[in-house]
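> Next up is a structure, given as structure tokens.
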Amino acid sequence: MKRASTNTIVLLGTLLGVLSGCAAVRPGPDLERLYSSARENVEQPPVIVIPGLMGTLLESESRGQVWIGSLWDIIFSDYRQVALEIDPDTLQPDPGDVRPAGITSSFAGRNFYRPIIETLEQVGGFERAEAGRPIDPSGRYYYIYGYDWRQDNVESARGLSHLVEQIRLDHGKPDLKVDIVAHSMGGMIARYYLRYGEVDVTEDNRFPVNYHGASRVRRIVILGTPSMGSVESMKSFMVGRRIGLATIPPEVMLSFPSFYQLFPHPLTEWLIDMRGRTFNLDPFDVSTWQRFRWSLFSDELRARILVDYDDPEAGRERLQLLERYFRKWIERGRRFMWSLTVKMDQQPWRLVVFGGDCEMTPARMLVEPWQGRFIPRLDPHRVRNPLPGVDYDRLMLEPGDGLVTKTSLLARQTLDPFVPRHKWSDFPLDYPLFLCEKHSQLTNNKFFQDNLLHFLLSQDR
């Protein structure tokens, strides 16, 4: 009997393994079958595709492509060529002759935005159009909004506004509404545009919503957007950002205004101590960075900046300039983040949120005392002296897509769906859909593509 039972268990285990293997390789939905009839005889609004952070190629008239560059760059470069110059009088970043040069569809054999483009073209029946060029009024079109992802997101929202107005002119319809599909930080740019258009509300703390997008946008899809920020953006200012085998150093990252606008929202619990207790500190307060000697205020980074200058006085002036720049842009970052969550009295556009919730994702940094310093940890496995009984995995990580947590995706302060959203975090949406996919591969997901087309092509309200 024991042998029979064992054999039965083995057989059942084998059968389950086969079935699970079949489930793992089961093809996604047949998009052609689902949407082929939707390509005909239906008037469809133009679609604007907005890539996320680092998703737009950057090109210099004098140096050629500076981002993402060549495979050699991804292996060996420190990408100092993408650093923004700083005007010492205005503290404005200067891109020089670097301009957006298209979307990163694929690189080194890996797809990024190619799947979403192919889905719109081959299944949705959309044709690529360029703003300012004539179109056939009976056609179905999509546009790509390429922008300098290093720059202030308010400026990127203004660029989006110019694109929408040009599309209206090209189509000869002053009341035309568009649809928007935006990935990652592109979703934050789109949401700012919907609320404020070209108005810069980060000059003070009032944030008056003017609903600019109400008459210009019909439907919007945001995908993997960190609506409550990300601790990964702060990490970039401390240890740099890994790109392939290369790393962009913190002193380069500090020059990008957009990264200051991705810090965790002050409403979130973003920093804990060794016992898991929350620090009541604002990530947008310079004193927080000074207290822990992070980034620009660390001895290592300051020494490295000074070494770059033969003249010690020139090095000190550079540090002073960076400190003034840091103070300006971290404050604008704070206001930008708050501007996206202030209360709205209406929701005149339809918004759907897609994102991942299967990858354990950094949600909180931990501060560990180490050799007289406060070391930030984003990975629980890097905690040097863990305290017994403290579950650092549960404290520091949450489900997400590897970069953006589910809570940030939904602009919530907790995973518990029974806890109401914070009263100061207004984020009206039609519905969310969750995928098992990493951040950079979300557009590859067939179920995302299926639901995207259904949302865009549906003639329901």
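The values are calculated or read from the model by the stated rules, or taken from the named source; none is laboratory data. Computed from a predicted model, the values in this text were never measured in an experiment. In this analysis, Cβ positions are derived from the backbone assuming ideal geometry, glycine residues included, and neighbour counts consider all displayed protein chains.
> How many of the residues making up region 170-223 are small (Gly, Ala, Ser) and closer than 19 Å to Phe259 by Cβ?
The initial filter retains those residues of region 170-223 that are small (Gly, Ala, Ser), namely 172, 182, 184, 186-187, 190, 197, 213-215.
Going one step further and asking which of them are closer than 19 Å to Phe259 by Cβ, we end up with 182, 184, 186-187, 190.
Of the residues in that region, 5 qualify.
> Return the residue satisfying two criteria in turn: it lies in region 129-187 and is among the hydrophobic types (A, V, I, L, M, F, W, C) and in a loop (DSSP other than H, G, I, E, B), and of such residues it is nearest to Arg334 (Cα to Cα). Reasoning before the result, please.
Initially, region 129-187 is screened for residues among the hydrophobic types (A, V, I, L, M, F, W, C), giving 129, 131, 135, 144, 149, 154, 157, 160, 163-164, 167, 169, 176, 178, 180-182, 185.
Cutting the leftovers down to in a loop (DSSP other than H, G, I, E, B) gives us 129, 131, 135, 149, 176.
Values: Ala129: 36, Ala131: 33, Ile135: 41, Trp149: 18, Leu176: 33 Å.
Checked region 129-187; the qualifying residue nearest to Arg334 (Cα to Cα) is Trp149.
> Across region 364-414, what is the number of residues that are among the hydrophobic types (A, V, I, L, M, F, W, C), outside the structural domain of Leu281 (by TED's automatic domain parsing) and part of a loop (DSSP other than H, G, I, E, B)?
Within region 364-414, residues that are among the hydrophobic types (A, V, I, L, M, F, W, C), outside the structural domain of Leu281 (by TED's automatic domain parsing) and part of a loop (DSSP other than H, G, I, E, B) number 4.
> Being touching a Pro at 6+ places or on another chain (Cβ under 7 Å) and farther than 21 Å from Lys446 by Cα is the filter here; which residues of region 91-128 pass it?
Listed by number, the list holds a single entry, Pro93.
> Looking at region 380-397, is at least one residue among the basic types (Lys, Arg), in contact with a strand residue (DSSP E or B) (Cβ under 9 Å, 6 or more places away or on another chain) and more than 21 Å from Gln441 (Cβ to Cβ)?
Our first condition is that a residue be among the basic types (Lys, Arg); within region 380-397, this holds for 382, 384, 394.
Subset that is in contact with a strand residue (DSSP E or B) (Cβ under 9 Å, 6 or more places away or on another chain): 382, 384.
If we keep only those that are more than 21 Å from Gln441 (Cβ to Cβ) too, we end up with 382, 384.
Within region 380-397, one or more residues are among the basic types (Lys, Arg), in contact with a strand residue (DSSP E or B) (Cβ under 9 Å, 6 or more places away or on another chain) and more than 21 Å from Gln441 (Cβ to Cβ).
> With region 240-307 as the region, which helices (runs of 4 or more DSSP H) entirely inside it contain at least 1 residues that are more than 18 Å from the chain's Cα centre (by Cα) and in contact (Cβ under 8 Å) with a residue 60 or more places away in the chain?
In region 240-307, the matching helices (runs of 4 or more DSSP H) lie at 250-253, 286-292.
> Something else about it: Report, by residue number, each residue of region 45-94 that is in a loop (DSSP other than H, G, I, E, B), out of contact with any Asp or Glu (no Cβ under 6 Å at 6 or more places or on another chain) and within 30 Å of Leu120 (Cβ to Cβ).
Pro46, Pro51, Gly52, Leu53, Met54, Gly55, Ile68, Gly69, Ser70
> Sticking with this one: Determine which member of the set Ile103, Ile167, Ile135, Ile144 is farther than 19 Å from Glu59 by Cα and either under 24 Å from the mean Cα position of the chain (by Cα) or buried (at least 20 other Cβ atoms within 10 Å of the Cβ) (or both).
On the way: Ile103 fails: farther than 19 Å from Glu59 by Cα; Ile135 fails: either under 24 Å from the mean Cα position of the chain (by Cα) or buried (at least 20 other Cβ atoms within 10 Å of the Cβ) (or both); Ile144 fails: farther than 19 Å from Glu59 by Cα.
One residue alone meets the criteria, Ile167.
> Separate question: Which count do you get for residues in region 325-363 that are within 18 Å of the chain's Cα centre (by Cα) and assigned to a loop (DSSP other than H, G, I, E, B)?
5
> Report, by residue number, each residue of region 68-88 that is hydrophobic (A, V, I, L, M, F, W, C) and touching a residue at least 24 places away in the same chain (Cβ under 8 Å). Full working, then the answer.
The initial filter retains those residues of region 68-88 that are hydrophobic (A, V, I, L, M, F, W, C), namely 68, 71-72, 74-76, 82-84, 86.
Across region 68-88, the qualifying residues are Ile68, Leu71, Ile74, Ile75, Phe76, Val82, Ala83, Leu84, Ile86.
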